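Comments concern the structure below.
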Amino acid sequence: MTLRHLVLLRFKPSATATEIAAIERAFCALRPQIDSVRDLEWGTNVSPEGLSKGFTHSFLLSFDDEAGRDAYLPHPAHDAFVAQLKPVLDDVLVIDYAQMPG
């Protein structure tokens, strides 16, 4: 089973492009720091539907199982990232799901 961890971010209006770019780099840097992260992909919203509710960034992490995700959440590198993110974060939405065949 592959477990997906989807994180959507909405930044404060006061967040600068430099601060947001630093968050992007820091989030991507989690993969080599945390062994249980099998894959990480991300991007910014390009949907023409206008339904993003201000969320601009999507990060999708993959783990082998729930145990991998459970090791990631309290990991010191993740905690340090969250501390860096909080000052510029307006809102976050997180959904975990087991990958299902399509």
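Worth a mention:
- Reported count of residues in segment 5-19, each being out of contact with any helix residue (DSSP H, G or I) (no Cβ under 9 Å at 6 or more places or on another chain) and either at pLDDT below 95 or not hydrophobic (A, V, I, L, M, F, W, C) (or both), is 3.
- Scanning segment 1-51 for residues that are over 30 Å from ALA67 (Cβ atoms) and either β-branched (Val, Ile, Thr) or under 10 Å from the mean Cα position of the chain (by Cα) (or both) returns THR16, THR18, ILE20, THR44, VAL46.
- The set of residues in segment 74-102 that are exposed (fewer than 13 other Cβ atoms within 10 Å of the Cβ) and part of a loop (DSSP other than H, G, I, E, B) comprises PRO74, GLN99, MET100, PRO101, GLY102.
- Restricting attention to segment 22-36 and to residues that are within 19 Å of THR2 (Cβ to Cβ) and charged (D, E, K, R), the residue that is surrounded by the most Cβ atoms within 10 Å (Cβ to Cβ) turns out to be ARG31.
- Matching residues in segment 37-70 - criterion: being surrounded by 16 or more Cβ atoms within 10 Å (Cβ to Cβ) and closer than 22 Å to MET100 by Cα: VAL37, LEU40, SER58, PHE59, LEU61, SER62, PHE63, GLY68, ARG69
- Scan segment 45-73 for residues that are touching a residue at least 40 places away in the same chain (Cβ under 8 Å) and either in a strand (DSSP E or B) or under 23 Å from ASP35 (Cα atoms) (or both) and the total you get is 13.
- Yes/no for GLY43 being more than 17 Å from LYS12 (Cα to Cα) and touching a His at 6+ places or on another chain (Cβ under 9 Å): yes
The values are calculated or read from the model by the stated rules, or taken from the named source; none is laboratory data. Note that the coordinates shown come from a computational prediction; the quantities given were computed from them, not determined experimentally. All Cβ positions, glycine included, derive from the backbone under ideal geometry; neighbour counts span all protein chains shown.
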